[in-house]
Amino acid sequence: MGDGAHWSLCPPPFSSPLYSHYSCCLHCPMLAAVIYSATFHVHELQSAPFSMQGPPDPMAVAVGQDVVLPCRLSPEQSTQDMEVTWFRDQFTPFVHCYRDGQDQYGDQELRYQGRTEMRLTNGSVSLRILRVQLSDRGSYTCFVRTDLGYDEAAVELQVTASGSAPFIALQRYQDGGICVACCSAGWFPQPQLLWRDPRGQWLPSLSENVTQDGGGLYTAESVLVLASGDSQELACVVRAALHNQEKSPPTGLFYFSDPFFQNARPWKIALSLVLVAVVALSIVAVYLLKMKGKYEKKIAAQAAELGDRDSKIEKQAEELVWRRYAALIEDAKVVLDAGTAHCDLILADDGRSVKRTDRRQDVPSRPERFHPWRCVLGCEGFTAGRHCWEVEAVLDGGGWTVGVSREDVRRKGEIEFGPEEGIWAVGQWAGQFQVLTSPQRTLLPDVHTPTWVRIALDYGLGRVVFFNVDEEIPIFTFPPVSFHGIKVHPWLWLGPGTQLKMWP
């Protein structure tokens, strides 16, 4: 499901489910594919006879320290002839790669060069990262493959930075009291500044301000007004968000003597005079503002009315699109074709639902069967007319994709999911709902992932439209194409632990 333009030094196997998301770097001409196959001896892999195990909880480390991201094989076995790749958002450039008995650095990310080491002992394929930076935080994937299969595990890395002890400064007299500021810098994630009196009670602050510098570190400042009669001793504490760590000033509590508050009292008289003047001016200003407010309210009401009208027109347009494709179309009762289903897919007896188990079924090998992609087609193909059906995501374990494909779509080897390959589809992938457009996928961040999708096919116009049945709104319409008289079938792809059901 990728759309990139080059080969990495440490590419994933074609049958890896991750490859469908990260193959953006592996799409190239047929000649390059032949050369690559001859060089690396790519095989169609099955589920591995081992499993990868990462830590159950996120790893936490401070900036500048070294960290080991654990990853182990179960059962333990030699890693000498294995290919091990650690990567983040995309397969290449990678974080670290080990293949053919040695480390590979050709396509390593620049920010990790000279900072990674692979630990291959007693079934361990752990990765050591030196001098951790803030940019290193996030999710890592440990991917291992052999001639017998592959597996992967995820590791979450959290990076922290412990900043300076809080610094307390007297700023000015304010409201008959003393304005005190507390500041601390160099934290990650964002810290919290708290004021505390000698009894351990927390005091409310007047204002708080948090900024972030170019390196991603946070500086926090909190302001407190200490009035006469309040406790004249206080401390400022900075609390880290991730580990609930606290830091206090090295001098402990600060004490303010009575003369400070006595010097603040003359400001009360000045403040009272200012307030009287402000009240007098306010009375004059209120009358003028009332006159102005009448006209502003009238203008605001007219603007709101126009906004409501535009919103109604937009909703009516969406409803018309829904009604056009939700009615006057022949409902197709889709029955899935077991002869095209990947060997890891299990179809119901009536062919109306399918579930992915990642356990190879004892089915005969045939040219029509998809491999290595976990796909299946509908039995009936369409060469004319307007048809629609619905797909329900009963279980969404590892993503799913639904739509249509031409009958001549490739069933073996690498498939680029998109119109150029003969596939028109939408689906949930890597936590995002997206459209499989070419040359790049179209992300739909504003669309809530539906559990029920309606597919409408107008063969004559060459149009494929998708709707969110949960909200009865259109999702996406592909540009018109010509099917050239080739049959078009319902098409499904299932991620790990996913089950889809056909309706009606």
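The values are calculated or read from the model by the stated rules, or taken from the named source; none is laboratory data. None of the values given here were measured: they were computed from a predicted structure. Ideal geometry is used to build each Cβ from the backbone, glycine not excepted, and the neighbour counts take in all protein chains shown. Accessible surface is based on the protein model in full, side chains and every heavy atom, while ligands, DNA and RNA are left aside. Shrake-Rupley method; radii C 1.70, N 1.55, O 1.52, S 1.80 Å.
Each row is one residue, and each column tells you yes or no for (1) touching a strand residue (DSSP E or B) at 6+ places or on another chain (Cβ under 9 Å); (2) not polar (S, T, N, Q).
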residue	(1), (2)
His96	yes, yes
Gly101	no, yes
Leu110	no, yes
Gln113	no, no
Val125	yes, yes
Leu134	yes, yes
Gly138	yes, yes
Thr141	yes, no
Tyr150	yes, yes
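Listed here are the residues, each with its yes/no results for (1) touching a Lys or Arg at 6+ places or on another chain (Cβ under 8 Å); (2) open to solvent by less than 10 Å² (accessible area, probe 1.4 Å); (3) at pLDDT below 90.
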site: Arg131; (1), (2), (3): yes, no, no
site: Ser139; (1), (2), (3): yes, no, no
site: Cys142; (1), (2), (3): no, yes, no
site: Arg145; (1), (2), (3): no, no, no
site: Leu148; (1), (2), (3): no, no, yes
site: Gln192; (1), (2), (3): yes, no, yes
site: Ser207; (1), (2), (3): no, no, yes
site: Thr219; (1), (2), (3): no, no, no
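Could you count how many residues in region 423-451 are under 20 Å from Pro372 (Cβ atoms) and either among the hydroxyl-bearing types (Ser, Thr, Tyr) or buried (at least 21 other Cβ atoms within 10 Å of the Cβ) (or both)? Counting residues in region 423-451 that are under 20 Å from Pro372 (Cβ atoms) and either among the hydroxyl-bearing types (Ser, Thr, Tyr) or buried (at least 21 other Cβ atoms within 10 Å of the Cβ) (or both) gives 5. Count of region 84-100 residues, restricted to those that are under 15 Å from Arg145 (Cβ atoms) and open to solvent by 10 Å² or more (accessible area, probe 1.4 Å), is 3.
For region 372-421, filtering for residues that are among the charged types (D, E, K, R) and part of a loop (DSSP other than H, G, I, E, B) leaves 9.
For (1) free of Cβ contacts under 8 Å to residues at least 40 places away in the same chain; (2) within 26 Å of Gly215 (Cβ to Cβ); (3) of a type outside the set (Gly, Ala, Ser), each residue gets a yes or a no:
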{"site": "Met82", "(1), (2), (3)": "no, no, yes"}
{"site": "Glu109", "(1), (2), (3)": "yes, yes, yes"}
{"site": "Gln113", "(1), (2), (3)": "yes, yes, yes"}
{"site": "Arg119", "(1), (2), (3)": "no, no, yes"}
{"site": "Gly138", "(1), (2), (3)": "no, yes, no"}
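Starting from region 181-198, take each residue that is in contact (Cβ under 8 Å) with a residue 60 or more places away in the chain and list its partners that are part of a loop (DSSP other than H, G, I, E, B), counting only C-beta distances under 6 angstrom and pairs at least six apart or across chains. Taking only residues 6 or more apart or on different chains, the pairs are Ser184/Gly163; Ser184/Ser164; Ser184/Pro166; Phe188/Leu217. Entry remark, region 164-182: residues being surrounded by 19 or more Cβ atoms within 10 Å (Cβ to Cβ) and not aliphatic (A, V, I, L, M) number 3 in total.
In region 333-375, the residue that is modelled with the highest pLDDT out of those that are of a type in the set (Ser, Thr, Tyr) and over 31 Å from the mean Cα position of the chain (by Cα) is Thr340.
With respect to being outside any strand (DSSP E or B) and closer than 19 Å to Lys501 by Cβ, Pro439 falls outside the description. Applying the condition of being of a type in the set (A, V, I, L, M) and assigned to a strand (DSSP E or B) to region 469-501 and asking which residue is nearest to Phe417 (Cα to Cα) yields Leu492. Taking the conditions (1) at pLDDT below 95; (2) in a loop (DSSP other than H, G, I, E, B) in turn, Arg324 satisfies each one other than (2). Take Ala165 and decide whether it is modelled with pLDDT of 85 or more, under 36 Å from the mean Cα position of the chain (by Cα) and over 30 Å from Gln77 (Cβ atoms). No, not satisfied.
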